[in-house]
Amino acid sequence: MSGKRPEHIAPPDIFYNEAEAKKYAYNSRMITIQTKMSERAIELLNLPNHPCHILDIGCGSGLSGEVLSEQGHTWVGLDISRAMLGVAIEREVMGDLVYSDAGDGLMFRPGSFDACISISAIQWLCNADKRSHVPQKRLKVFFNSLYKCLTKGARAVLQFYPENPAQVSMITTAAMRAGFRGGLVVDFPNSTKAKKYFLCLFAGETSDKLVMPEPLAAKAMDEEELKSASGAIDQKTGQSQDTILFGGRSKEKRKRIKGKKGKRLPVKSRQWILRKKESARKAGKKTYEDSKYTARRRRPRF
Amino acid sequence: MRLLTHNMLINPMQKFEGAYPLKLIPKKITKEEVKYNPLFVVHLLPKLNYPALLYAASTVGLKDLPKELPKKIDPTEHDELLKMLHHVLLEVHVEEGLLVCPKSEREFPIKQGIPNMRLNEDEV
């Protein structure tokens, strides 16, 4: 994959222009991926059986919101791109939409929402798009305001695409400092393509031990899904690498001594002996100097 | 933008945290039916600031709500009231209008039902 990360191309309100927004409306692959991630995030939210009022950060075209609506919840979505919100309006999503920048802080009273969901959005907060932006501060403001506007005991599940471990650390630190408990759930950690990060947060103060949800592992998928999702396929056998074979490794073959033109030298010939001594010297072994007597034919008594 | 959302909105600027509720100046309103779920309305009630809801409802011309909510709401007993609340909270949309911060008088326009709450660089 040669594509640049979107965050390195332009700020989100510019990157998600009309053309990009159209993909979220019409590209079936895009829609499938986003829907799957939304369903997984909702699963991780572990919502009660009755309708809840949920906040969707970076709701975009309303894909994740529609999954929420399907399950009977009401929601309010925030996004920084007018084009994406335009697509959401066209698709007549049921949630209310707000045009804003999550890094400026949320704009809701304390205890407004029962839960929060975010799909593929918060990594944008890690990049400074303006001179005035300090990513750590924006993350701090975001998580502090998120903690406030959730009810006590509410959960937030934020799926994101970190560029590197430093970003993961920046995000999780900001969340913990805001008062959230919880942690990172990484689905399919051994696959570069299928790997998904979900930050699962809990806003509350209970003495109960917080039980983290189980991440998805390769075995849970069937053969077909695994081949297309994992991307790690052994070139020789064509089998997908969900397991690592550790038996039958071939020993490192010793390099044969070769002369000019790569031809194998006859064993014990002068050339062969000289090259052997040379490789011994390179290996740091104690070797006698070469002389006219090196590799001289000795009498049969040897 | 529904009145349920207006009931929760505050000025995103940290300076004006206590500024609530935002003044609502609707210019265009639409109404869209939403499936009535009495239990959900009951679930929403503790989250609401009722005086703010009364204010918002009056700006869009709905003045039939009682001045105070009964202490204990029962879905069967207060069915009429819950239906009215359902309508006010979930079925009325402000398509065009203005939200104004009561402290700073900063205006947040509403277009196509979406309030623009993006802050300028100097406001962050």
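Numerical summary
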quantity: Given (1) buried (at least 24 other Cβ atoms within 10 Å of the Cβ); (2) within 29 Å of B:Leu48 (Cα to Cα); (3) more than 9 Å from chain B (Cβ to nearest Cβ); (4) not basic (Lys, Arg), index of the condition A:Leu125 fails; calculated: (2)
quantity: Where B:Leu99 falls short, out of the listed (1) more than 11 Å from every other protein chain (Cβ to nearest Cβ); (2) surrounded by 18 or more Cβ atoms within 10 Å (Cβ to Cβ); calculated: (1)
quantity: Search result, residues across segment B:107-117 that are farther than 20 Å from B:Val34 by Cβ, within 12 Å of chain A (Cβ to nearest Cβ) and surrounded by fewer than 17 Cβ atoms within 10 Å (Cβ to Cβ); calculated: B:Pro109, B:Lys111, B:Asn116
quantity: Residue in segment B:73-86 that is within 14 Å of another protein chain (Cβ to nearest Cβ) and either surrounded by fewer than 17 Cβ atoms within 10 Å (Cβ to Cβ) or touching a strand residue (DSSP E or B) at 6+ places or on another chain (Cβ under 6 Å) (or both) present; calculated: yes
quantity: Test set (1) touching a Gly at 6+ places or on another chain (Cβ under 8 Å); (2) within 10 Å of chain B (Cβ to nearest Cβ); (3) open to solvent by less than 10 Å² (accessible area, probe 1.4 Å); (4) touching a residue at least 40 places away in the same chain (Cβ under 8 Å) - A:Phe113 fails condition number; calculated: (1)
quantity: Residue in segment B:43-60 that is without any contact (Cβ under 8 Å) to a residue 12 or more places away in the chain and of a type in the set (Gly, Ala, Ser) present; calculated: yes
quantity: B:Asp122, sole failed condition from (1) part of a loop (DSSP other than H, G, I, E, B); (2) more than 16 Å from the chain's Cα centre (by Cα); calculated: (1)
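To keep it simple, each residue is scored yes or no on (1) over 23 Å from the mean Cα position of the chain (by Cα); (2) surrounded by 20 or more Cβ atoms within 10 Å (Cβ to Cβ); (3) within 10 Å of chain B (Cβ to nearest Cβ); (4) at pLDDT below 95.
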{"position": "A:Met1", "(1), (2), (3), (4)": "no, no, no, yes"}
{"position": "A:Pro11", "(1), (2), (3), (4)": "no, no, no, yes"}
{"position": "A:Phe15", "(1), (2), (3), (4)": "no, no, no, yes"}
{"position": "A:Gln34", "(1), (2), (3), (4)": "no, yes, no, yes"}
{"position": "A:His53", "(1), (2), (3), (4)": "yes, yes, yes, no"}
{"position": "A:Leu85", "(1), (2), (3), (4)": "yes, yes, yes, no"}
{"position": "A:Ser100", "(1), (2), (3), (4)": "yes, yes, yes, no"}
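The values are calculated or read from the model by the stated rules, or taken from the named source; none is laboratory data. Just so it is clear, the model here is predicted, and its values are computed rather than measured. All Cβ positions, glycine included, derive from the backbone under ideal geometry; neighbour counts span all protein chains shown. Note: accessible area is taken over every heavy atom of the protein model, side chains too, but ligands, DNA and RNA are not part of it. Shrake-Rupley method; radii C 1.70, N 1.55, O 1.52, S 1.80 Å.
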